[in-house]
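Trainee: Handing you this structure, nothing more for now.
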Amino acid sequence: MRRRRDIILILISVIASLGSSLFFSGTGTGAAAEPRRHAPSAAAHTWIYPNNKVPISSTIYGVNNDCRQISRADFPAFNAKLHGLGYRLLRFPGGWESENFNWANDTAPGYSNLSCATTAQAKGAVAAKAFVVKTEPYISDPSPAHLSSLKSEAVELVRKHGNAVQHWLIGNEWWLQSGGGVGRPKKLRRYATVARAIAQGMKQANPRINVYVTGDWTRPWEFTWIRREFESAGAWRYVDGVDLHIYAGDDGSIHDYRNIQRNLGAIKSRTGKSKIFASEWAASKAYSVGRKRALRSVNNMVILMHRMIRAGVTSMAYWPPTDVAPGIGLFEKKGGVYADLPHGQAFRWMAREMRGYAIATTATDGLETTASNNVAGKTMTVLIPSKQLFNRKIVVHFVRTKITGVVSAQAMWMADPDAIGQAAHIAPLRVGALNETVTVTANPGTVGRGSSYELIKLVVRYQ
């Protein structure tokens, strides 16, 4: 009996020591340590499950406008750059400037010395648009006059633009408003009151538009309270979906991207709404181990986007479009030209080649692979954030799916994956393919391949 107990204790110890490297940690909430470097002889593995899929909406690849950085004169070149990335939705006027935007003259007092893009420019920029209407000054000063004027302005905007603008977002981060010094519960009630009036007015002006109320994705229970405020006046039926700002990372905090599936499931359950608009999102430095930037942050970016799609997000708008938060912007202006940054390069890869369905994946060694299935073309795109795997083979298993060829194989790399203000290099990869598997080598440390945190892209054709 004692010998059996000793054997059991040894087995438990071995399993505990191997667990972090052998199993996919997609549902954990603890802080994610940086992966260790392993001997090159042990391959890492990732599994792609083509039959476990979630539709990728055409409005997933959206970007925010930015009045602070993009003037009216700059907007045409800015919009052309976004089209070069493959974007399909514009959120306008943007973030906090939305609460101060003067729709009569297209300016955002206090946010730029230059005029913002015009409403006409925004409407003509891209097929899908999301306009943000104000909730201030009501949240700071909840007077009947402010309630009436905000509702009237929103209704007039819908009458003017509702046939061209499909998505309407009410307010920007009410929980971070000053609220005249009141606490969060009072700000929530004030937001619900003004949003209720605005939603009802807008939907009555144009029933075909989509109206979204906003809230904090890390506090799903607050949506229960917002819903109750609407239902008290029979107005919840005027709401089509929920607007979230999903800034997330891998640090184990409440903002860890491992919490997305659970929290968004709770929000959908509490609201009864299936449309979720992540109108601001990014792999935040503040919530990542080591405050990841540049290509290291890109590794988190593709994981975050995949998790959001798999959790049911139907529309997204990336923030920041330009590199106003150094290290996570899509591009920056150099010599009057908008130049690529690693996040923009990764966005282009995803927007142009990840279509159809987001596929479930699992992996060893801390990998979190993302994959999509373009059923019409019988291709799958796989992105592998290699993190700190060094000179390691990665075996990609396509479960119960025969691979007939590798269309393309590339790696995005940088000698210093934390360097800001520069684009990543793109290098072709040598791959080995056999029936249901494709094998690549991550971070080999050779000439033309960088140090760590490569982003590997495979496009394969299947039978």
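The values are calculated or read from the model by the stated rules, or taken from the named source; none is laboratory data. Here the structure is a predicted model, which means the values were calculated and not measured. Here Cβ is always computed from backbone atoms with ideal geometry, including for glycine, and neighbour counts include all displayed protein chains. Ligands, DNA and RNA are excluded from the accessible area calculation, which covers all protein heavy atoms including side chains. Shrake-Rupley method; radii C 1.70, N 1.55, O 1.52, S 1.80 Å.
Trainee: Kirkwood Rh, the chain, all Cα pairs: how many Å? Before the final figure, lay out the partial values.
Mentor: Values: mean 1/r = 0.0429 Å⁻¹.
So the Kirkwood estimate lands at 23.3 Å.
Trainee: Now for a different question. Ordered by packing density, taken as the mean number of other Cβ atoms within 10 Å over each peptide's residues, highest first, how do 317-325, 87-95, 170-178 rank? It would help to have the intermediate numbers written out before the result.
Mentor: Details: 317-325: 22.2, 87-95: 25.2, 170-178: 19.8.
With the highest mean Cβ count within 10 Å placed first, the list reads 87-95, 317-325, 170-178.
Trainee: Per-residue HN-Hα couplings for the range 279-287, Karplus 6.51 cos²θ - 1.76 cosθ + 1.60 at θ = phi - 60°, whole Hz, x for Gly and Pro?
Mentor: After applying 6.51 cos²θ - 1.76 cosθ + 1.60, I find 6, 9, 7, 5, 7, 6, 5, 4, 10 Hz.
Trainee: Suppose every K and R has +1 on its Cβ and every D and E has -1 on its Cβ; what is the size of the dipole of the chain about the Cα centre, in Debye to the nearest 20?
Mentor: On the way: 58 positive and 32 negative charges, 279 e Å.
That gives a dipole near 1340 debye.
Trainee: Further question: Any idea how far the Cα center of the range 136-169 sits from the one of the range 70-108, in Å?
Mentor: 19
Trainee: Pulled fully out, how much extra length does the chain show between ARG291 and THR437, if you take 0.36 nm times their separation in residues and subtract their Cα-Cα distance?
Mentor: On the way: separation 146, 0.36 × 146 = 52.56 nm, distance 3.42 nm.
Between ARG291 and THR437, full extension yields 49.1 nm more.
Trainee: Let me ask something additional. Per residue, how large is the accessible surface of the range 59-100? Use a 1.4 angstrom probe and give square angstrom.
Mentor: Working: 1080 Å² over 42 residues.
Result: 26 Å² of accessible area for each residue.
Trainee: If packing is taken as the average count of other Cβ atoms within 10 Å, what order do 230-241, 191-202 fall into, highest mean first?
Mentor: Values: 230-241: 16.5, 191-202: 24.0.
Averaged packing, sorted descending, gives the order 191-202, 230-241.
Trainee: On C-alpha positions alone, give me the angle between the axis of helix 184-205 and the longest principal axis of the chain, in degrees, nearest 10.
Mentor: That works out to roughly 70 degrees.
Trainee: Quick one: dipole size for the range 328-463, taken about the Cα centre, charges +1 on Lys/Arg Cβ and -1 on Asp/Glu Cβ, in debye to the nearest 20. Please list the in-between numbers first.
Mentor: Numbers: 15 positive and 9 negative charges, 97 e Å.
Here the range 328-463 has a charge dipole of around 460 debye.
Trainee: Tally up the carbon and sulfur contribution to the accessible surface of the chain as a whole percent, 1.4 Å probe, everything protein left in place.
Mentor: Carbon with sulfur: 53 percent of the solvent-accessible area.
Trainee: Starting at the first residue of the range 448-460, write each ³J(HN,Hα) from the Karplus equation 6.51 cos²θ - 1.76 cosθ + 1.60 with θ = phi - 60°, in whole Hz, x for Gly and Pro.
Mentor: Once θ is set to phi - 60°, the couplings for the range 448-460 become x, 9, x, 9, 7, 6, 4, 10, 9, 10, 10, 10, 10 Hz.
Trainee: Still on this structure, I have one more. Suppose R0 equals 45 Å. What FRET efficiency, 1/(1 + (r/R0)^6) with r the Cβ-Cβ distance, do ALA120 and ASN51 give to the nearest 0.05?
Mentor: On the way: r = 46 Å, r/R0 = 1.01.
The calculated FRET efficiency here is 0.50.
Trainee: On to the next question. Treating only the Cβ of Lys, Arg, Asp and Glu as charged (+1, +1, -1, -1), what charge dipole size does the range 147-275 show about its Cα centre? Round to the nearest 20 debye. The partial results should precede the final answer.
Mentor: Values: 21 positive and 12 negative charges, 104 e Å.
Value, rounded to 20: 500 debye.
Trainee: What value does the range 279-367 have for Rg/Rh, both radii from Cα atoms and Rh as Kirkwood defines it? Before the final figure, lay out the partial values.
Mentor: Numbers: Rg = 13.6 Å, Rh = 14.0 Å.
Reported Rg/Rh, Kirkwood definition of Rh: 0.98.
Trainee: Relative to the longest principal axis of the chain, what angle (0 to 90°, nearest 10) does the C-alpha long axis of helix 75-85 take?
Mentor: 30
Trainee: In nm, what is the difference between 0.36 nm times the number of residues separating ASN105 and ARG189 and their Cα-Cα distance?
Mentor: On the way: separation 84, 0.36 × 84 = 30.24 nm, distance 3.11 nm.
Using 0.36 nm per residue and subtracting the Cα-Cα distance, I get 27.1 nm.
Trainee: How big is the Rg/Rh ratio for the range 160-300, C-alpha atoms only, Rh by Kirkwood, two decimals?
Mentor: Numbers: Rg = 16.3 Å, Rh = 16.1 Å.
For the range 160-300, the value is 1.01.
Trainee: Please report the Cα spread of the range 363-432 along all three principal axes, rounded to whole Å, starting with the longest.
Mentor: Answer, in whole Å and largest first: 39, 26, 20 Å.
Trainee: Right, another one. Can you pull the Kirkwood radius for the range 126-204, inverse mean 1/r over Cα pairs, to one decimal in Å? Walk me through the numbers before you get to the answer.
Mentor: Details: mean 1/r = 0.0778 Å⁻¹.
Final number for the Kirkwood radius of the range 126-204 is 12.9 Å.
Trainee: Taking the simple approach of a point 7 Å from Cα along Cα-to-Cβ for both ASN163 and ALA419, what is their distance in nm?
Mentor: Taking the two extended label points, one gets 5.3 nm.
Trainee: Determine the sum of side-chain charges near ALA294: Lys and Arg each +1, Asp and Glu each -1, restricted to other residues whose C-beta is under 13 angstrom from that of ALA294. Mind dumping the intermediate values first?
Mentor: Numbers: positive: LYS285, ARG291, LYS292, ARG293, ARG296; negative: ASP323, GLU332, ASP340, ASP416, ASP418, GLU454.
Taking every Cβ under 13 Å from that of ALA294, the sum is -1.
Trainee: Helix 144-161 versus the longest principal axis of the chain: what angle, 0 to 90°, nearest 10, using Cα atoms?
Mentor: The angle comes out at about 70 degrees.
Trainee: Fully extended, how many nm does the chain gain between SER274 and VAL406 (0.36 nm per residue separation, minus their Cα-Cα distance)?
Mentor: Values: separation 132, 0.36 × 132 = 47.52 nm, distance 3.60 nm.
Fully extending the segment from SER274 to VAL406 adds 43.9 nm.
Trainee: Let me ask another. What is the distance, in nm, between label points placed 7 Å from the Cα along the Cα-to-Cβ direction at SER178 and at ILE426?
Mentor: Once both label points are built, they end up 4.7 nm from each other.
Trainee: Next question, about the same structure. Run through the DSSP bridge list for the chain and note the antiparallel percent, rounded to the nearest 5.
Mentor: 55
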